[in-house]
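Engineer: The structure under discussion is supplied below as structure tokens; questions concerning it will follow.
The values are calculated or read from the model by the stated rules, or taken from the named source; none is laboratory data. Just so you know, these numbers come straight off a predicted model, no measurement behind them. With ideal geometry, Cβ positions are generated from the backbone for all residues, glycine too; neighbour counts draw on all protein chains shown.
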Amino acid sequence: MAKETLTFDYWPERVDGPNEERHILAGDYRDRDYLTRFDGLTLYANDLSYQENHSKSAPDWSMGVQARDSNNRVILEWKGEPSEDIKRALLENRILYGAILARDEERHGI
């Protein structure tokens, strides 16, 4: 049985150079990373007729999709048609796990 573990470095504070690990030169810096974790998000189609009828056919994808936490709070939203993986996940009632990491890679100080 195959299993893959994904790991990423997370920098919660600004990183000043020189920093070889982040490839930041002396006099330069990178702002802190933004991290959004999701552990068990449920997907919902924005197509209300699909939601209300629990239809076996696909929703109107152009209306978008939401990913909500256990408190029904919207964590992620696709305003238009989502990717094929998200479509399949919604149709198969799969739950989302993972994280989104937004990293600053601009040059600031030089």
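Engineer: Can you tell me which residue within the range 12-44, out of those that are within 30 Å of Ala89 (Cα to Cα) and among the hydrophobic types (A, V, I, L, M, F, W, C), is modelled with the lowest pLDDT?
Structural biologist: In the first step, residues of the range 12-44 are kept if they are within 30 Å of Ala89 (Cα to Cα); the result is 33-44.
Subsequent filtering for residues that are among the hydrophobic types (A, V, I, L, M, F, W, C) retains 35, 38, 41, 43.
Details: Leu35: 96, Phe38: 89, Leu41: 97, Leu43: 96.
For the range 12-44, the residue satisfying everything is Phe38.
Engineer: Something else now. Filtering the range 51-89 down to residues that are touching a Gly at 6+ places or on another chain (Cβ under 8 Å) and of a type in the set (Gly, Ala, Ser), which residue is farthest from Phe38 (Cα to Cα)?
Structural biologist: Across the range 51-89, the extreme among qualifying residues is Ser62.
Engineer: If you don't mind, another one. For the range 10-21, what are the residues that are in contact with a strand residue (DSSP E or B) (Cβ under 9 Å, 6 or more places away or on another chain) and loosely packed, with under 10 Cβ neighbours inside 10 Å?
Structural biologist: Keep residues of the range 10-21 that are in contact with a strand residue (DSSP E or B) (Cβ under 9 Å, 6 or more places away or on another chain), which gives 10-12, 14-19, 21.
Scanning the range 10-21 gives Pro12, Glu21.
Engineer: Name the residues in the range 70-86 that are touching a strand residue (DSSP E or B) at 6+ places or on another chain (Cβ under 8 Å) and surrounded by 14 or more Cβ atoms within 10 Å (Cβ to Cβ), would you?
Structural biologist: From the range 70-86, those touching a strand residue (DSSP E or B) at 6+ places or on another chain (Cβ under 8 Å) are 70, 74-78, 82, 86; that's our starting set.
Once the filter is applied, which keeps residues that are touching a strand residue (DSSP E or B) at 6+ places or on another chain (Cβ under 8 Å) and surrounded by 14 or more Cβ atoms within 10 Å (Cβ to Cβ), the range 70-86 yields Ile75, Leu76, Trp78, Pro82, Ile86.
Engineer: Within the range 87-96, is even one residue among the polar types (S, T, N, Q), more than 29 Å from Tyr10 (Cα to Cα) and surrounded by fewer than 17 Cβ atoms within 10 Å (Cβ to Cβ)?
Structural biologist: Yes: the range 87-96 contains one or more residues that are among the polar types (S, T, N, Q), more than 29 Å from Tyr10 (Cα to Cα) and surrounded by fewer than 17 Cβ atoms within 10 Å (Cβ to Cβ).
Engineer: Shifting gears a bit: Could you say which residue among Asp104, Asp39 is of a type outside the set (Gly, Ala, Ser) and either assigned to a strand (DSSP E or B) or loosely packed, with under 11 Cβ neighbours inside 10 Å (or both)? Let's see the steps before the verdict.
Structural biologist: Working: Asp104 fails: either assigned to a strand (DSSP E or B) or loosely packed, with under 11 Cβ neighbours inside 10 Å (or both).
It is Asp39.
Engineer: While we're on this one: Give the residues of the range 2-15 that are touching a residue at least 60 places away in the same chain (Cβ under 8 Å) and more than 17 Å from the chain's Cα centre (by Cα), sorted by residue number.
Structural biologist: Hit for the range 2-15 is Trp11, nothing else.
Engineer: Do you know which of the residues in the range 22-36 that are over 12 Å from Ala102 (Cα atoms) and touching a Pro at 6+ places or on another chain (Cβ under 7 Å) is surrounded by the most Cβ atoms within 10 Å (Cβ to Cβ)?
Structural biologist: Among those that are over 12 Å from Ala102 (Cα atoms) and touching a Pro at 6+ places or on another chain (Cβ under 7 Å), it is Ile24.
Engineer: Continuing with this model, one more query. Please find, within the range 50-69, the residue that is surrounded by the fewest Cβ atoms within 10 Å (Cβ to Cβ) out of those that are touching a Ser or Thr at 6+ places or on another chain (Cβ under 9 Å) and small (Gly, Ala, Ser).
Structural biologist: The selected residue is Ser55.
Engineer: May I ask you to verify whether Asp47 is surrounded by fewer than 12 Cβ atoms within 10 Å (Cβ to Cβ), without any contact (Cβ under 8 Å) to a residue 24 or more places away in the chain and of a type in the set (Asp, Glu)?
Structural biologist: Details: surrounded by fewer than 12 Cβ atoms within 10 Å (Cβ to Cβ): no; without any contact (Cβ under 8 Å) to a residue 24 or more places away in the chain: yes; of a type in the set (Asp, Glu): yes.
No: the conditions fail for Asp47.
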